[in-house]
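As structure tokens, the structure follows; a few thoughts come after it.
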Amino acid sequence: MERVNVVGGGLAGSEAAWTLARLGVPVRLYEMRPKRMTPAHATGHLAEIVCSNSLGGEGTANAKGLLQAEMRLAGSLVMEAALRARVPAGGALAVDREEFSGYITERLSRHPRVEVVREEVGEIPEGITILATGPLTSEALAEALRRRFGDHFLSYYDAASPIVLYESIDLGKCFRAGRYGQSADYLNCPMTEEEYRRFYEALVAAERHVPHEWENLQFFEACVPVEELAQRGYQTLLFGPLKPVGLKDPRTGKEPFAVVQLRQEDKAGRLWSLVGFQTGLKWPEQKRLIQMIPGLENAEIVRYGVMHRNTYLNAPRLLRETLEFQGAEGLFAAGVLAGVEGYLESAATGFLAGLNAARRALGLSPVAPPEESLLGGLVRYLATANPEGFQPMYANWGLVPPVEGRMGKREKREVMYQRGLSAFARWLQALTPPLPAKAPAS
């Protein structure tokens, strides 16, 4: 049987290799560490965790909790390691980093169908391949991706704006419109002069994230953080992301003093981003400032803004919901490179890429989980999100269809949890060939 290549030994690549091996497909797992280290890593272990040691909140009202449960059902190596190496962290699944990565390294290194190759990959390998090289993809492979797909399909700097749930927006304080009477594709939150002044003063005084030494602080002009723009002067935002020109409030017939625009981010219209609000502020500060904006006083933020070095693909332009590249049968992406944020999300996409690479090796077509599942919702977002200014995404309830009925938020999410887990379980049971409950002894 053809050996499948997995490039990158992080959480996504490790989970992909494990899934392939469980399905009886031989794997060649490439990891350049420790021969070539990155500025963020400290060891040569597979699945090394470098920042937070958390895989997200647990529980039946938590979106990450659903994704964790789906991964456990799928026989995830990452979840197996996390449960062995977990440390107390309240309602979150946190791990002892060394024990976690050490366990995964040992399990994969000893597996008879996994060959771990410690060398850098500078070209996209021939044959069935999963690219899972993470946010610090090597320059050589990034150049190979540029040659294959073009510069405009690859981002090297994650300049993302916050995203809020549509259902949490007070539509009575907003209006739909496009500038100068163009199609009404945006939600507009108007500000009076006094509201803008208070917002501006809070923004320039807000506490910023202090980046790691390896993060690039030289911003491209097209992605300058909103707090950096504010430092340039009181009027700067009024001529930038908050400019009201060409937008008339239908309730007054006049242009507001300032306008915060929101743009639809997903096909279903459940997720909306703040246009031009890429930011490196600390998350509590982002929440406080966003909730100062008229119409967003009770906004539920499902993704906070970030500013850091990152290599990721414009997934809606390139990937199918199966994580296979459009027009490139047998080539898959997973993890941060595919457009997700977070350790858990990276591992989950690694599982799906591994499953579908195995299916290609076995002569079968790739598949995607149901949309009610968190993994299904996540990969559908990657494939169908707005490609203009595409932003990486992590697990949140806005990725799956809502439930109807008069229920509180927690009750609704518990229903969504049970619905999603049941749908995922049925999908797993229907797979042919079946996914083994446990891997063979190594």
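The values are calculated or read from the model by the stated rules, or taken from the named source; none is laboratory data. All values derive from a computational prediction rather than experimental measurement. Quick reminder, even Gly has a Cβ in these numbers, built from the backbone with ideal geometry, and neighbours come from all protein chains shown. Note: areas computed on protein heavy atoms with side chains; ligands, DNA, RNA excluded. Shrake-Rupley method; radii C 1.70, N 1.55, O 1.52, S 1.80 Å.
Quick one: accessible area per residue over the stretch 290-384, 1.4 Å probe, rounded to a whole number of Å²?
I get 24 Å² per residue for this part.
List the residues of the stretch 40-75 whose backbone N lies under 12 Å from a point placed 7 Å from the Cα of Val403 along the Cα-to-Cβ direction.
Hits in the stretch 40-75 for Val403 at 12 Å: 60-62.
Roughly what would the spin-label model give for Ala202 and Arg317, points 7 Å off Cα along C-beta, in nm?
Between Ala202 and Arg317, the simple spin-label model gives 3.6 nm.
Share of the stretch 272-414's accessible area from carbon and sulfur, percent, 1.4 Å?
It is 46 percent, rounded to a whole number.
Pick out, in residue order, every one of the GluC sites (Glu not before Pro) in the stretch 313-350 that is DSSP loop and has at most 13 other C-beta atoms within 10 Å; say none if there are none.
Glu329
Using the basic label-point model (7 angstrom from Cα toward the beta carbon), what is the Val117 to Arg72 distance in nanometres?
For Val117 paired with Arg72, the spin-label model returns 3.7 nm.
To check my understanding: the extent here is largest minus smallest coordinate of the Cα atoms along each principal axis. What are those three numbers for the chain, in Å, largest first?
Principal-axis extents of the Cα atoms in the chain, largest first: 70, 49, 45 Å.
Which GluC sites (Glu not before Pro) in the stretch 1-88 sit in a loop by DSSP (not H, G, I, E or B) and have at most 14 other Cβ atoms within 10 Å of their own Cβ?
Glu2
Placing unit charges on C-beta atoms (Lys and Arg positive, Asp and Glu negative, everything else neutral), compute the dipole magnitude of the stretch 304-384 about its Cα centre in debye, rounded to 20.
The calculated dipole for the stretch 304-384 is roughly 200 debye.
Strictly over 27 Å apart at the Cα level, which of Lys173/Lys267; Lys64/Lys267; Lys267/Lys412; Lys243/Lys412; Lys254/Lys409; Lys267/Lys409 would you flag in this model?
Lys243/Lys412; Lys254/Lys409
Which order do Met37, Met191 take by accessible area at a 1.4 Å probe, largest first?
Met37, Met191
Taking a 1.4 Å probe, which of Asp170, Asp249 shows the most accessible area, and what order do the others take after it?
Correct descending sequence by accessible area is Asp170, Asp249.
Starting from the eigenvalues of the Cα gyration tensor, five times each then square-rooted, give me the equivalent ellipsoid semi-axes of the stretch 41-134, largest first, whole Å.
Each semi-axis is √(5λ); the values are 27, 16, 13 Å.
Heavy-atom accessible area of Val367 with all protein chains present, probe 1.4 Å, nearest 10 Å²?
30
Taking Cα atoms, how many degrees apart are the long axis of helix 374-384 and the longest axis of the chain, rounded to 10 and kept between 0 and 90?
Taking Cα atoms only, the helix is inclined about 70 degrees.
Enter the accessible area of Ile169 (Å², nearest 10), with the probe set to 1.4 Å and all protein chains included.
Using a 1.4 Å probe on the heavy atoms, I get roughly 10 Å².
Need the C-alpha centroid separation for the stretch 148-206 versus the stretch 306-320, integer Å.
Taking the Cα centre of each part, the stretch 148-206 and the stretch 306-320 sit 20 Å apart.
Computing the accessible area with a 1.4 Å probe over protein heavy atoms, can you report the carbon and sulfur percentage for the stretch 32-165?
Answer for the stretch 32-165: carbon and sulfur cover 49 percent of the accessible area.
I'd like the antiparallel share, as a percent to the nearest 5, of DSSP beta bridges with both residues in the chain.
In the chain, DSSP labels about 65 percent of beta bridges as antiparallel.
If you filter the stretch 52-122 for trypsin sites (Lys or Arg not before Pro), then keep DSSP loop positions with at most 16 other Cβ within 10 Å, what is left?
Arg110, Arg118
Send over a whole-number figure in Å² for the accessible area per residue of the stretch 8-53, probe 1.4 Å.
Normalised by residue count, the accessible surface of the stretch 8-53 is 30 Å².
Nearest 0.05, what FRET efficiency do Glu371 and Glu143 give at R0 = 35 Å with Cβ-Cβ as r?
So the FRET efficiency works out to roughly 0.45.
Figure the gain on full extension for Lys287 and Arg426 (residue separation times 0.36 nm, minus the Cα-Cα span) and round it to one decimal in nm.
Full extension from Lys287 to Arg426 adds 46.3 nm.
Starting from 0 in steps of 5 Å, tell me what percent of the Cα-Cα pairs of the stretch 326-375 lands in each bin.
The calculated distribution, bin by bin, is 5, 21, 26, 27, 16, 6, 0.
Using a 10 angstrom Cβ neighbour count of at most 13 plus a DSSP loop assignment to flag exposed chymotrypsin sites (Phe, Trp or Tyr not before Pro), which longest range of the chain is free of such sites?
Longest gap between qualifying sites, sites excluded: 1-213.
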